[in-house]
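Readers should treat all values here as calculations from the given coordinates under stated rules, not as data from a laboratory. Computed from a prediction, not measured in an experiment: that's the story for all the values here. Cβ: placed from backbone, ideal geometry, glycine included. Neighbour counts: every protein chain shown.
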Amino acid sequence: MSVDPNISATPLPGGPERTAHDAAATGSSTTRRRRRGSVHGTNWPLTILLMVCSLSVLLPFFVAVSMAFKTTDQAVLGQAFKLPAPWSLEGFREAWELTDFPKVFAISLTITVVSTVGAVLLSAMASYAISRNWNRRFFRISCYYLLAAMFLPFPVLALSQVKLSGYVHLANPVGVIVLHIMFSLSFNVLLFTAFIRSLPEELEESARMDGASTWRIFWTLMFPLMMPMAATVGIFTLLASWNDFMMPSMIIADPSLQTLPVVQKIFQTQFSNNYNIAFASYLLAIGPSVIAYAISQKWVMAGLTQGAVK
């Protein structure tokens, strides 16, 4: 097919002026994007601050690992930033035996697991009842009462709690479990209530139309949907319970039933000069909580972000 050379191409509306205008607009938009990129690029002051904060955590951890794997002769030299040569498990063996680690670990693990499970279940049920009955005065007052308890931490009520625990014969790990659940209830209800309000009530209405009871709706429908927040509440309770020193030291009367942080404090006082044994015992104590948080951190962030918006 041939084209008549006498026929000229029809110019586009606007001609060269429009082409120049489009090019100028494209260039200006590219410049704005570059400027925005430079404005919202790397925030060096904040980056440096985060690096300093990270070093303040990583350096002590490096010292703990370095000293824990040294022999007694190497630890006495006090060269904390020098790597062990050779690496030794002598400190871990001594700490394992001197602290009776299996027994103490079992006590701490029992208290932590029961406290975490109890706190999650009780907080979830209380929050569900409050959030779905907010128009009733009793539930609103109950929520305010629980939130007000956040301003009364255990150190403020320590003396009264110690006396009450002795009166009801709970000066033992069971009393610590009960107090861990009660003192974590306020914060947990706050998190759970905000999360439950973001869940659509139409799901529950559909289940009720099918004949499901409130108890069945909670366990088969709502609680599975609350798992992200349950993971968040669980890890917060787990860390607080595992690392708690004051409550077990004041509530548990029998020294043979003390938790790992209390035993670590006693051990530190007795073996403060045996650095490799002391640091090995510290790593044994913090290891389970670090592993638990590393595994569950994605669920923690998911629960917080999903409960933040509706």
- prompt: Which of the lysines could a cross-linker bridge to Lys298, judged by Cα under 29 Å and excluding same-chain residues fewer than eight apart?
  reply: Lys310
field: Ordering of 186-199, 87-100, 70-83 by packing [mean C-beta count within 10 Å, highest first]
entry: 186-199, 87-100, 70-83
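Return a whole-number percent for the relative contact order of region 101-308, with Cα pairs under 8 Å and 6 or more residues apart as the contact set. Numbers along the way, then the final one.
Numbers: 200 pairs, mean separation 68.6, N = 208.
Taking the mean separation of contacting Cα pairs over the length of region 101-308, I get 33 percent.
By average Cβ neighbour count within 10 Å, what is the ranking of 129-141, 168-180, 276-288 from highest down?
Values: 129-141: 14.1, 168-180: 18.5, 276-288: 21.2.
Answer by packing, highest mean first, reads 276-288, 168-180, 129-141.
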- line: Here the net charge surrounding Lys103, from other residues whose Cβ is less than 14 Å away from its Cβ (Lys, Arg +1; Asp, Glu -1), is -3
message: Highest mean first, how do 47-58, 153-164 rank when packing is the count of other Cβ atoms within 10 Å averaged over residues?
response: 153-164, 47-58
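Exactly which GluC sites (Glu not before Pro) in region 128-224 are in a DSSP loop and have at most 15 other Cβ atoms within 10 Å?
Details: sites: Glu201, Glu202, Glu204, Glu205; in loops: Glu201.
For GluC sites (Glu not before Pro) across region 128-224 that sit outside H, G, I, E and B with at most 15 neighbouring Cβ atoms in 10 Å, the list reads Glu201.
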- prompt: Tell me, what ³J(HN,Hα) does each residue in region 74-82 have, in order and in whole Hz, if you take phi through Karplus 6.51 cos²θ - 1.76 cosθ + 1.60 with θ = phi - 60° and put x for Gly and Pro?
  reply: 5, 5, 5, 5, x, 8, 5, 8, 9
